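First up is the structure itself, then whatever we jot down about it.
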Amino acid sequence: MKCIVLGCGTVGTTAAMILSRSGIFSELYLADLSKENALKAASLCQLDESKAMTCDAGNVDEVSALVKDFDVVLNCVGPFYEYGPKLLKAAIKAGVNYVDICDDYDATVEQLKMDEEAKKAGIKAVIGMGSSPGLANLLAKYAALHLFDETEAIDIYHAHGGEATEGAAVVKHRIHSMEMEIPVFLDGEFKTVKLFEESGKALEEEFEFPLIGKYWVYAYPHPETITLPKYIKGVRRVTNLGLVLPPEYAELIKTLVRIGMTSSPPIKVGEQMVDPLEFAVAFILSKRGELLKKAGITEPMGCVTVAVKGKKGGETKRYYFSLASRGMGMGEGTGIPAAIGAMLMGMGKVDGVGVMPPEACIDPIDALQLAQKILQAMGVERIPLIVEVEDDGGRREIDFREVFPQLG
């Protein structure tokens with residue numbers, strides 16, 4: 001069985017390294033716009049240079065021709081609002097099963113519109129198989145299936161920062177997320193809010209993340225808010241709130257978006273035309289190291305918490321599932337779930353056909369057991385899953401094996 005990973009940045013390379021050791025795929029190829037990036041990733045995966053390829057992710061026909069002889073395509077090319085729909089279209093055209101880590105709401109909407117095309121082509125396409133969305137969706141699904149009779153609310157919180165490097169695509173994703181209308185599911189209805197208006201500010205809250213501390217988080221347009229209500233029966237509220245660390249770095253990005261720099265047309269400076277968005281991204285990245293140092297952040301750190309509220313036997317509880325770590329960043333946090341998605345596809349453990357979010361087609365335990373196996377191979381004793389429960393006695397940590405005996 002053959003797999004190709006598109007995009008050899010931090011996340012794609014991490015996923016490829018895991019896939020190269022998984023034993024599931026007989027052949028693994030890597031492709032990037034930059035031959036240098038593809039070769040570097042191939043070397044880290046201990047693959048022959050012939051496995052490193054180049055492609056233009058914006059050219060649907062070129063990508064379709066490249067991937068047509070593969071069994072699984074794993075797309076890690078960002079920003080997804082630009083490349084997600086195009087690369088899914090290429091996979092459908094080639095008739096190849098597809099997995100991606102798309103975390104842009106608007107791109108997800110466009111991808112879901114391709115469901116009938118994918119079904120006609122007979123392919124399975126799992127979209128949003130990262131951390132949030134991705135494992136977050138599956139933790140919510142597990143709670144709804146196994147812990148509650150009625151699921152009332154799902155609130156997803158995330159904070160991360162401190163990665164050794166950060167690319168322009170990541171910053172553009174954040175800017176894009178701040179500029180758009182943000183989807184939320186409140187009182188059983190889909191609504192939208194704006195980050196800098198009262199509708200968005202009303203959702204801001206201070207949240208205590210295990211291992212990394214307490215931070216104010218704000219509305220984020222991740223796709224969970226539009227997919228989970230479709231698959232979690234009876235849920236009345238789904239939100240996604242997040243922050244990039246340190247807070248001063250997040251505020252820098254928000255300020256440039258708020259003043260309109262990132263959405264302004266090109267302007268002439270001296271004899272040159274300057275794109276304000278490209279300048280803003282370059283400026284943000286130029287200040288990142290200074291802000292990390294000032295905040296005392298010297299290593300990658302992050303946490304995704306899925307808070308699910310519901311009733312069991314008439315008793316209301318709220319469970320908090322946190323994937324938290326220090327020393328691991330976006331590469332592992334998103335690259336591991338991406339690899340899991342590709343592995344489950346290769347193992348025949350993706351149910352259904354068409355374009356599907358993780359909660360529609362993946363068994364949460366299958367994904368979590370693979371995560372635990374991958375982390376143990378990396379020298380981590382167990383999956384960094386922290387489980388808390390909140391009831392009349394307050395919020396307290398419990399042994400994760402009480403809730404997930406399959407991971408014991």
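The values are calculated or read from the model by the stated rules, or taken from the named source; none is laboratory data. Here the structure is a predicted model, which means the values were calculated and not measured. Every residue, glycine as well, gets a Cβ built from its backbone with ideal geometry; the counts of neighbours run over all protein chains shown.
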field: Pair list, Cβ under 6 Å, 6 or more apart: region 50-69 residue closer than 21 Å to Ala16 by Cα, other residue crowded, with 18+ Cβ neighbours inside 10 Å and β-branched (Val, Ile, Thr)
entry: Cys55/Val63; Ala57/Val77; Val67/Ile4; Val67/Val73; Val67/Val96
query: Here are some conditions: (1) farther than 25 Å from Phe209 by Cα; (2) not assigned by TED's automatic domain parsing to the domain that holds Leu28. Lys349 meets all but one. Which one does it not meet?
result: (2)
- line: Only one of Ala153, Ala125 is touching a Leu at 6+ places or on another chain (Cβ under 8 Å) and either over 19 Å from Pro358 (Cβ atoms) or outside the structural domain of Gly200 (by TED's automatic domain parsing) (or both), namely Ala125
message: Condition first: touching a residue at least 40 places away in the same chain (Cβ under 8 Å), of a type in the set (Lys, Arg), farther than 20 Å from Thr14 by Cβ and touching a Ser or Thr at 6+ places or on another chain (Cβ under 9 Å). Can you find one or more residues in region 131-148 that meet it?
response: no
query: Which of the residues spanning region 25-43 are under 20 Å from Ala94 (Cβ atoms) and not in a helix (DSSP H, G or I)?
result: Phe25, Ser26, Glu27, Leu28, Tyr29, Leu30, Ala31, Asp32, Leu33
- prompt: Any idea how many residues of region 119-140 are in a helix (DSSP H, G or I) and surrounded by fewer than 24 Cβ atoms within 10 Å (Cβ to Cβ)?
  reply: 3
field: Test: Ala57 is in a helix (DSSP H, G or I), over 29 Å from Leu368 (Cα atoms) and either outside the structural domain of Leu228 (by TED's automatic domain parsing) or under 19 Å from the mean Cα position of the chain (by Cα) (or both)
entry: no
query: Within region 77-90, can one find any residue that is assigned by TED's automatic domain parsing to the domain that holds Cys361 and over 23 Å from the mean Cα position of the chain (by Cα)?
result: no
- request: Taking the residues in region 153-200 that are within 20 Å of Asn137 (Cβ to Cβ) and within 15 Å of the chain's Cα centre (by Cα) as candidates, determine which candidate is modelled with the lowest pLDDT.
  value: His173
statement: Filtering region 171-187 for residues that are β-branched (Val, Ile, Thr) and surrounded by fewer than 20 Cβ atoms within 10 Å (Cβ to Cβ) leaves a count of 0
- prompt: Looking at region 308-326, which of its residues are at pLDDT below 95 and surrounded by 14 or more Cβ atoms within 10 Å (Cβ to Cβ)?
  reply: Leu323, Ala324, Ser325, Arg326
query: Ala164 is checked against (1) in contact (Cβ under 8 Å) with a residue 12 or more places away in the chain; (2) surrounded by fewer than 15 Cβ atoms within 10 Å (Cβ to Cβ); (3) not in a loop (DSSP other than H, G, I, E, B); (4) not β-branched (Val, Ile, Thr) and fails just one. What number does that condition carry?
result: (3)
- request: Of the numbered conditions (1) within 30 Å of Glu299 (Cβ to Cβ); (2) touching a strand residue (DSSP E or B) at 6+ places or on another chain (Cβ under 9 Å); (3) not hydroxyl-bearing (Ser, Thr, Tyr), Gly78 fails exactly one; give the number of that condition.
  value: (2)
query: Counting only residues that are more than 18 Å from Trp216 (Cβ to Cβ), assigned to a loop (DSSP other than H, G, I, E, B) and either free of Cβ contacts under 8 Å to residues at least 24 places away in the same chain or in contact with a strand residue (DSSP E or B) (Cβ under 7 Å, 6 or more places away or on another chain) (or both), how many does region 297-312 have?
result: 1
- prompt: So which of Glu402, Glu388, Glu397 ends up being part of a helix (DSSP H, G or I) and of a type in the set (Asp, Glu)?
  reply: Glu402
- prompt: Which one of Gly12, Gly7, Gly58 is among the small types (Gly, Ala, Ser), out of contact with any helix residue (DSSP H, G or I) (no Cβ under 6 Å at 6 or more places or on another chain) and surrounded by fewer than 17 Cβ atoms within 10 Å (Cβ to Cβ)?
  reply: Gly58
